[in-house]
1. Where Lys and Arg each count +1 and Asp and Glu each count -1, what net charge lies around Thr75 among other residues with Cβ under 12 Å from its Cβ?
2. By counting other Cβ atoms within 10 Å of each Cβ, how are Leu627, Leu509 ranked from fewest to most?
3. Using the structure shown, list the pairs from Lys41/Lys291; Lys527/Lys683; Lys272/Lys683; Lys531/Lys683; Lys531/Lys581 with a Cα-Cα distance above 23 Å, or answer none.
4. First select every other residue whose beta carbon is under 13 angstrom from the beta carbon of Asn422; then total the charges, Lys and Arg +1, Asp and Glu -1.
5. Could you work out [θ]222 nm for the chain from helices alone, using -39500 (n - 2.57) per DSSP H run of at least four and dividing by all its residues? Round to the nearest 500 deg cm²/dmol.
6. Rank the residues Val312, Val494, Val752 as a footprinting-exposure proxy: fewest other Cβ atoms within 10 Å of their Cβ go first.
7. At 10 °C and 1.306 mPa s, grab the translational diffusion coefficient of the stretch 451-564 from Stokes-Einstein with a Kirkwood Rh over Cα pairs, rounded to a whole number in µm² per second.
8. So if I place +1 on the C-beta of Lys and Arg and -1 on the C-beta of Asp and Glu, and nothing else carries charge, what would the dipole magnitude of the stretch 177-294 be about its Cα centre? I want it in debye, nearest 20.
Amino acid sequence: MSPLAGALALALTLPVFAAPAPDPQAKDVEGVEVHGQRIQKASSSKYTANLRDTPQTITVIDRNTIDGQNLLSLTDILSTLPGITFGAGEGGGGFGDKINLRGFDASSDITVDGVRDSGLYSRTDPFNLESVEVINGANSVYSGAGSVGGTINLVTKNAGLNEFHKASIAAGTDSYARVTADSNFVIGESSALRLNIMGHQNDVPGRDVETNERWGAAASLAFGLGGDTTWSLNYLHQEDQNTPQYGLPFFNGDGLPGVDRGNYYGYSNIDKQDIELDSLTSIIEHSFNDKFKIRNLTRWQQVDQFSLVDAVQGTWCLANNRTPTGATCGATLPGNYSPSGPRGYGRDTRNTTIYNQTDLTTTFNTGAIEHNLVAGFSILHETFDLDVTSDFRNPNGTNPYIAGLPQMNIANPDHIYRGPLNRTLTGRTEGELDNRALYVFDTLKFNEQWQLSLGARYERNEGKTNNAVVVLAPTTVGGALPAQPIGTITGYGVPFKSNDDLFSYRAGLVYKPVENGSIYIAYGNSKTPSKASVNGSCTAQTCSVDPETAVNYEIGTKWDFAEGRIALTGSVFRNDRKNYKVADLDNPANLSGLQQLDGQARVDGVMLGVSGLITDQWAVYANYAFLDSEVLQGVSDRQAGLGLDYTKGDRLTQVPEHSFSLWTTYDLSPKWQIGYGATYQGKIWLTQHSATNVNGPLTTYGSYWTHRAMVNYKINRSASLQLNVNNLTDEDYFTRIRNNGWATPGDGRQFVLSANFAF
């Protein structure tokens, strides 16, 4: 049974349908209104003030905004926000969500309900999400080690005392089919059960081969709701069967001429990405009185991902018998492509997380000063297991393609693999990470105009990486058969360990000239050890290096107008990466290639936002980001002193200077609503200067616009129809760019019609 068929069968067994019919009269206010109730605070209990009075840029995308634009993955959701870009899935890190936030890598800075979710996999569906929060700026104090540019927090659905039953069935172009159901049952006076299911399949719009299939189920059981003691138990299971997207050859800032957007240069009968996610969360909360409560969250989570990929990498020989870089083609014929590694490259990973966090929340006064304080501790244990395999092998594990894989025609690639298939182990890595943290946050209210927010975090971060010794070539004894076959593990090397004490903090002063407005100034830092995530590498050259430091300076303002119907936000910030690891290979005293913390980079920026109801019928949600990035020093102090810092003054790669997003809806009548969305990404830099290109031009990728449209017809109070058009103008653009390698084409135009029911 297919994932979609199984999910549909499960949906039909529910007593009623699920997924709210989007109500044309229901307004989305800054993407932070849920069922008519505006979100006042970030979801994490560590935030001790409401959003308007929190001295930090926090963007919240709620369920209505996700559904209104038919956003189907974390990448989809984040792509509607300015200043965020995505990296290519390669380089030994595996395939999954690679996110660049405020100019810095945030791939390991994803949390779920405030709990770190550092595994590298694709978060493909928001069916169990209530909202997504993007916390901008150096942020270790809230989310732990890392968070140089910020944190992305996924807020999951929970059972409550409002009974509802909702469903949605959708179909569209590119074999799109989707069913969701979401029912909340009130059991007695203080208990509830929420059941949430999803089944989905689609071909990737504009592409000939890639497909996505998945199904998921989630349950939330809560007791004691409305009382002093509550307990909720939440479980999530999701399975994916996807084709990993590596896309098209990309050189010198663009795709190759004459390459069709739908071409596939991997092997369609081989490539796969299978994901299985299980997560079990317990949350117990007890209120002793109105001013003091305790909360404990415990989670076990396991993510298995197997990816078998054939990256778009190798020699591309153009008609003039030259490669795109101008080199000679060698044995590759004109108009052909000679694939090279990674091909038939498998990565079988398992990320397991056990987490426990306890928070104490209290309000009290010291004289005339009012305190809203949270203190707590957390314990985290993560393990990571990775088997690296090669499928294109002979039965004895030897490589049949020493002379190279068969060539493909560039214009019409043959993407069917017909050679030997024998999965052979080529590497194994085991990782562990233990993190123990103590933290305290306090908002001190001096009077109606002045508030001071303070936070501090101490954590002990201990990581270990261990690599197996694997036989990679035939070995014989006296000319006999191999004594140890290829793929045999003969032992493990010396574990690489990283043990660090980290201290991070944040302070923000808020001035409220009136109740509906705030002006703030804030400062915070982040600490990034060599092993900040369980799947991150830690080597002999990096383990002993002190943690990297980044700081964030921010001045901003937040205002609500028209009785809270319109919100305006603005901030000016500087994100300084004070030091990061660089090599000093020219130093005679450092022949082993140890790293130094001499690198420095900076992003100065402005973020502006407007959201809310312009009129009773017209809602607007728009954001703009300006990011001015710069490498302050890209080599060691010694090399910089010798005049060898060629990257100094260059822009950071993958960082757009200007970016903009808009989503707006208008009620034509009580039954008809229309919506329009636009996203603009400005030019990004793909390369920096080097010893072979000291002063020459740098490769860039140009700006582009994408557009969305929505029409919703409300049949009655229980049913509606919604038509979504993604990439309305069928814009050709690239994302997840690996310069002089490959890039993923953005999704082509797609039409989706949804029937939504609510009872």
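Only the coordinates and a few stated rules stand behind these numbers; no lab work does. Since the structure is predicted, the reported quantities are computational estimates derived from the model, not experimental observations. Ideal geometry is used to build each Cβ from the backbone, glycine not excepted, and the neighbour counts take in all protein chains shown.
1. Values: positive: Lys98, Arg123, Arg736; negative: Asp76, Asp97, Asp125, Asp747.
Neighbourhood net charge equals -1.
2. Leu509, Leu627
3. Long pairs (Cα-Cα over 23 Å): Lys527/Lys683; Lys272/Lys683; Lys531/Lys683.
4. Numbers: positive: Arg393, Arg423; negative: Asp391.
Taking every other residue near Asn422 into account, the sum is +1.
5. My calculation for the chain gives -1000 deg cm²/dmol from helical runs alone.
6. Val494, Val752, Val312
7. Roughly 84 µm²/s, to the nearest whole number.
8. 260 debye
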